[in-house]
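Asks: Let me give you the structure first, and then I'll get to my questions.
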Amino acid sequence: MVSTQPGTVLTDDAAAVRAVIENWAVWRDAGDWDRFATVWHPDGYMAATWFQGSAADFIAVTQTGFEAGTRILHFLGGTSVDVAGDRAIGQTKMTISQRDTVHGVLVDAVCTGRFYDFFARDAGQWKLVRRQPIYEKDRLDPVDPAARVELDAARLARYPEGYRHLAYLQREAGFEVKDGLPGLTGEAVQRLYAEGAAWLAGAASPGRPQ
């Protein structure tokens, strides 16, 4: 369900924002880099467990990883959109899934959360200015149900509950993983909500990327 306010009907702007969100997931996961680049605002910024930087750099590093065999896939659920003039905030339920080897065992890490997205209208089109995932919970499963993987409890506990298994896998794969990202509750996600409200109210920037 997409709405600008609770109880209101779907608007053309909200539908257009949702289309951008859906295109992001399909084009990025399919490796359709030329079209993937079109969803981003010229000042676009992407934050994730393993990357924080400009949209242009994100596209480049994601393409390199894709061509090397890294598979980080996304599945989307419901979307809520708040529109204020030429700005919008979108929240979309999602899962992030990554397959790799941990301690010699092929596993899938699956993280459930939300994409929290800052949008602006640019030349008449809605573009993604900033994407900050919210990590709510995750798990790690061997691909072979008969296999067993033993995790280091101390290393697992280094990261917040919402993405600690995903972080464990990504560290094993050689990624640098950022700590302190927004979860379901806590100071980080409350700051993100405040930045979203400020963006809709006309703030000069989409907040401080985390």
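Asks: Helix 55-67 versus the longest principal axis of the chain: what is the Cα-based angle in degrees, 0 to 90, to the nearest 10?
Replies: 40 degrees
Asks: On C-alpha positions alone, give me the angle between the axis of helix 12-30 and the longest principal axis of the chain, in degrees, nearest 10.
Replies: 30 degrees
Asks: Further, regarding this structure: For Lys127, list the aspartates and glutamates whose Cα falls under 19 Å from its own Cα; do not include residues on the same chain fewer than 8 positions away.
Replies: Asp12, Asp13, Glu22, Asp29, Asp32, Asp34, Asp43, Asp57, Asp82, Asp86, Asp117, Glu195
Asks: Quickly rank 150-163, 169-182 as a protection proxy: mean count of other C-beta atoms within 10 Å, highest first.
Replies: Highest mean packing first, the order is 169-182, 150-163.
Asks: Now, a different point. Counting only helical runs of four or more DSSP H residues, what would the 222 nm mean residue ellipticity of the chain come to if each run contributes -39,500 (n - 2.57) and the total is spread over all its residues?
Replies: Per the formula, -9000 deg cm²/dmol.
Asks: Could you work out Rg/(2.2 N^0.38 Å) for the chain, with Rg from alpha carbons only?
Replies: It is 1.03.
Asks: Would you mind computing, in nm to one decimal, how far apart the modelled labels at Ala173 and Asp122 are, each placed 7 Å from Cα along Cα→Cβ?
Replies: The answer from the label model is 2.7 nm.
Asks: State, to one decimal in nm, how far the label point of Gln63 lies from the label point of Arg148, with both points 7 Å from Cα in the Cβ direction.
Replies: Result: 4.6 nm between the two label points.
Asks: For Asn23 and Ala203, what does the FRET efficiency come to when R0 = 25 Å and r is the distance between their Cβ atoms, rounded to the nearest 0.05?
Replies: 0.45
Values quoted throughout were computed directly from the atomic coordinates according to the rules given, and no laboratory measurement underlies them. Because the structure is a prediction, the values reported are computed rather than measured. No Cβ is skipped: glycine too gets one built from the backbone with ideal geometry, and neighbour counts run over all protein chains shown.
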